[in-house]
Amino acid sequence: MGEALGSVLPIAVAIAIFPVPVIAVVLVLGSERGRAKGLAFVAAWAAGLAAVGAVVLLLAGEVGASESGEPSTWVDCVLAALGVALLYLAAKQWRGRPRGDDEPERPGWMLAIDRFTVAKAAATGFALSGLNPKNILLAAAAAAEIAELGLPADRQAVVLAAFVLIASAGVLAPLVLAFVLGERSRDPLEALGAWMARHNAAIMAALFVLIGAKLVGDALSGLTG
């Protein structure tokens with residue numbers, strides 16, 4: 001199980017520091033009834049990650065991700081494809097980064113986030129983790145890394161739960177800060193959100209390069225081992 005945790009840890013950390021969900025939870029916390037909305041957002045975010053991971057694990061189990069404790073060849077091929085996709089996304093993010101003093105544009109839903117209800121905040125959290133293609137790629141990669149080790153179902157569930165907890169740290173930290181510090185958390189959280197919005201593309205590009213290279217390396221090691 002330790003090997004599985006080690007395999008998914010870099011992916012979980014990458015998801016945890018994705019700027020967009022962190023910016024979103026900061027904006028939610030700054031709105032009316034912010035802590036209730038933030039709690040709903042974070043819970044739904046974690047549920048979305050868990051749902052993607054559980055679906056991939058179930059599918060991998062059905063089609064035989066591991067044979068006698070050894071990874072199946074098709075799993076390594078999938079990991080290689082996911083890695084290449086992330087490297088492509090890294091290049092795309094880097095090309096689309098703001099230049100000079102250009103300010104990054106925020107999507108329309110972010111501009112309306114202060115008017116969200118608790119239910120809409122929860123729906124947004126779930127969508128950003130369970131329906132966002134970039135997050136799905138990484139969560140699916142993590143689940144594939146778990147599945148290929150041939151662990152029993154109960155241990156797979158434990159590793160997946162640990163993955164979800166670590167991957168949720170980025171959205172959980174502002175929520176904890178808001179509950180602990182109350183109004184005093186507003187200024188540091190707004191500063192964090194502004195900084196992450198400014199450097200979103202560069203952060204994403206760096207994360208995609210690192211994780212994409214890891215997945216390709218893992219796949220090549222499995223295919224040639």
### Task
Pull up region 127-180, narrow it to residues that are within 11 Å of the chain's Cα centre (by Cα) and β-branched (Val, Ile, Thr), then point me to the one that is nearest to Arg35 (Cα to Cα).
Val171
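For every residue, the table says whether it meets (1) closer than 17 Å to Leu59 by Cβ; (2) without any contact (Cβ under 8 Å) to a residue 24 or more places away in the chain.
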position: Ile136; (1), (2): yes, no
position: Val159; (1), (2): yes, no
position: Leu172; (1), (2): no, no
position: Glu183; (1), (2): no, yes
position: Pro188; (1), (2): no, yes
position: His199; (1), (2): no, no
position: Ala205; (1), (2): no, no
### Query
Residues Val118, Val84: which one is at pLDDT 85 or above, of a type outside the set (D, E, K, R) and closer than 20 Å to Trp45 by Cβ?
Val118
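Of the residues that make up region 3-12, is at least one modelled with pLDDT under 75, exposed (fewer than 13 other Cβ atoms within 10 Å of the Cβ) and in a helix (DSSP H, G or I)?
No, region 3-12 contains no residue that is modelled with pLDDT under 75, exposed (fewer than 13 other Cβ atoms within 10 Å of the Cβ) and in a helix (DSSP H, G or I).
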### Query
Among the candidates Arg106, Arg97, which residue alone is among the basic types (Lys, Arg), modelled with pLDDT under 85 and more than 30 Å from Glu183 (Cα to Cα)?
Arg97
## Note on the structure
For region 192-205 the number of residues that are surrounded by fewer than 17 Cβ atoms within 10 Å (Cβ to Cβ) and in a helix (DSSP H, G or I) is 4
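The values are calculated or read from the model by the stated rules, or taken from the named source; none is laboratory data. Just so you know, these numbers come straight off a predicted model, no measurement behind them. For neighbour counting, all protein chains shown are included, and Cβ atoms are generated from backbone atoms with ideal geometry for every residue, glycine included.
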